[in-house]
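The values are calculated or read from the model by the stated rules, or taken from the named source; none is laboratory data. Here the structure is a predicted model, which is why all the values come from computation and not from measurement. In this analysis, Cβ positions are derived from the backbone assuming ideal geometry, glycine residues included, and neighbour counts consider all displayed protein chains. Areas reflect the complete protein model, heavy atoms only, side chains present, ligands, DNA and RNA absent. Shrake-Rupley method; radii C 1.70, N 1.55, O 1.52, S 1.80 Å.
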Amino acid sequence: GREDFFPLFQEHFESLSAALVRINVEALELGYRPLIFPQGTRSKRLTPGFSGIVQMALHLKVPILPVAVSGSDLIYPGDSSRSKGGHVHYKVGDLYDPSSEPDAPSGFLPLTIAASRDHGPAFKELTSNLMDRLNDLLPEEYQYDPAGLANTRTGARRFL
C-alpha cells in the first residue's frame, strides 16, 4: 500500500541523492566542474529548469556558469543521437551565485524531500533566475515559448 511504499521510496531516493552529492564533491576536489543541464531535456525552445542545479550550487558553495546552446536541433534532427554535421553555438554568460540572492537557503541536504519541502519556493525562484539568464543568452527562436510550454515533453520522451 501507499503507506508502505512512500518510506521505501524516500529511503531509496535519498540514498541516490546522497551518492550524487558525494560524486559532485569528489569531482570538485579533483578539479572537475560538473556539467549540468537544468532543463533535463532536449528541446528547441528553453523550458523551465529543475532546481537540482541551484541546490547543488548552494550546498557546494560554487557559482554557476550559464552556457546557452543553440543550433543542436539542426544537426541532431528528431530523436537521432547521430549528428548530420553543422554548427552549434555556445554563448557564455556571467557567473551566477545563487547564494548572493536574498533569502537563499543554506544548511540543507540537496536533492532531498526535506529540502524541497522546506525550501521549495526559494529553489524555484533561484532556478527561475538562472533560466532567465540563459534565456537572455539565446537567439529569439530558442528562447522561452511565448505561447507557453507547448513543446515541453513529459516522461522518458523528454530526454530525446
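With charges set only on the Cβ (+1 for Lys and Arg, -1 for Asp and Glu), what does the dipole of the chain come to about its Cα centre, in debye to the nearest 20?
Working: 16 positive and 19 negative charges, 134 e Å.
Using only the charged Cβ atoms, the result is roughly 640 debye.
For the stretch 38-139, which whole percent of the accessible surface, found with a 1.4 angstrom probe, sits on carbon and sulfur atoms? It would help to have the intermediate numbers written out before the result.
Numbers: 3010 of 5690 Å².
Carbon with sulfur: 53 percent of the solvent-accessible area.
Which option, [x] 21, 20, 17; [y] 28, 20, 17; [z] 40, 17, 11, is the value of semi-axes √(5λ) of the Cα gyration tensor in Å that was calculated from these coordinates?
[y]
Can you compute the helix-only [θ] at 222 nm over the chain? Use -39500 (n - 2.57) per DSSP H run of at least 4 residues, normalise by all residues, nearest 500 deg cm²/dmol. Show your work: numbers first, answer last.
On the way: 4 runs with 66 residues, N = 160.
Roughly -14000 deg cm²/dmol at 222 nm, from the helical runs in the chain.
Measuring with a 1.4 Å probe in the full set of protein chains, what accessible area per residue, in whole Å², belongs to the chain?
On the way: 10650 Å² over 160 residues.
Computed with neighbouring chains in place, this is 67 Å² per residue.
Assign unit charges at the C-beta atoms only (+1 for Lys and Arg, -1 for Asp and Glu), then state the dipole size of the stretch 1-51 relative to its Cα centre in Debye, rounded to the nearest 20.
On the way: 6 positive and 6 negative charges, 117 e Å.
Taking the Cα centre of the stretch 1-51 as origin, the dipole is about 560 debye.
Using label points projected 7 Å from each Cα along Cα→Cβ, tell me how many nm separate Ile36 and Glu3, to one decimal.
Distance between the two pseudo-spin positions: 3.7 nm.
Please check which bits of the stretch 48-62 a label hung off Val25 would reach, taking the label as a point 7 Å along Cα-to-C-beta and the cut-off as backbone N under 20 Å.
Inside the label zone: 52-62.
Suppose every K and R has +1 on its Cβ and every D and E has -1 on its Cβ; what is the size of the dipole of the stretch 32-89 about the Cα centre, in Debye to the nearest 20? Mind showing how you got there, number by number?
On the way: 7 positive and 2 negative charges, 12 e Å.
Rounded to the nearest 20 debye, it is 60 debye.
Picking from Leu35, Gly49, Val67, whose Cα lies most toward the positive end of the charge dipole for the stretch 1-74 (charges on Cβ: Lys, Arg +1; Asp, Glu -1)?
Towards the positive end, the residue furthest out is Val67.
Name the residue from Ile23, Leu126, Ser80 whose Cα lies farthest towards the positive end of the charge dipole of the chain, charges +1 on Cβ of Lys and Arg and -1 on Cβ of Asp and Glu.
The Cα lying farthest towards the positive end belongs to Ser80.
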